[in-house]
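Let me begin by presenting the structure, written as structure tokens, before commenting on it.
The values are calculated or read from the model by the stated rules, or taken from the named source; none is laboratory data. Computed from a prediction, not measured in an experiment: that's the story for all the values here. Counting neighbours? That spans all protein chains shown, and the Cβs are built from the backbone with ideal geometry, glycine included.
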Amino acid sequence: MFRLSQKADYGLILLSNLAKSKSLTSVSKIANKNQISPKFLSQIAHDLKEAGILTSKEGVLGGYTLAKSARDIKLLDVLKILEGELLEGKCFEEGHQCTCGAGEMWQEMKRQMEATMGEKTVADLVVTR
């Protein structure tokens, strides 16, 4: 089963909130709204800023915003920043020689998942009602 880590989940929440906002938004405001640890969300925001996904301004009127359009930020890029590899396709035992034949299947699943996530953007996370 494929599951996102809490870090990736919170990162997507952060990005979707920033995509909806038209101005700088503080991490604490987003954290409080979504009942997330502000400290943990700040660490995620820092990682995304270092990777060029977010920009920030310090100070009382500061906060974070997307570094580019939500349509230009691919979910695959975000998840690789926060998760690393999404699906490694390795056997459970270290050094184990695969004899079950599933290795190629895992690699195909990884290609398909990355192709799909490479098409999705932060804009796809924003639901308008």
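Screening residue 96 with (1) under 20 Å from residue 19 (Cβ atoms); (2) at pLDDT below 95 gives one miss only, at (1). For the stretch 14-44, filtering for residues that are buried (at least 16 other Cβ atoms within 10 Å of the Cβ), without any contact (Cβ under 8 Å) to a residue 24 or more places away in the chain and under 16 Å from residue 66 (Cβ atoms) leaves 2.
Do we find a residue being farther than 18 Å from residue 121 by Cα, of a type in the set (Ser, Thr, Tyr) and not in a helix (DSSP H, G or I) anywhere in the stretch 40-48? So far as the stretch 40-48 goes, no, none of its residues is farther than 18 Å from residue 121 by Cα, of a type in the set (Ser, Thr, Tyr) and not in a helix (DSSP H, G or I). Residue pairs whose Cβ atoms lie under 8 Å apart, separated by 6 or more positions or on different chains, with the first residue in the stretch 67-79 and under 11 Å from residue 52 (Cα atoms) and the second surrounded by fewer than 16 Cβ atoms within 10 Å (Cβ to Cβ) and of a type in the set (Val, Ile, Thr), are 67/55. Tell me whether the stretch 63-80 contains one or more residues that are over 17 Å from residue 20 (Cα atoms), small (Gly, Ala, Ser), in contact with a strand residue (DSSP E or B) (Cβ under 8 Å, 6 or more places away or on another chain) and modelled with pLDDT of 90 or more. No, the stretch 63-80 has no match at all.
With the structure loaded, tell me whether residue 86 is part of a loop (DSSP other than H, G, I, E, B), modelled with pLDDT under 95 and over 29 Å from residue 116 (Cβ atoms) or whether it fails that test. Answer is no for this residue.
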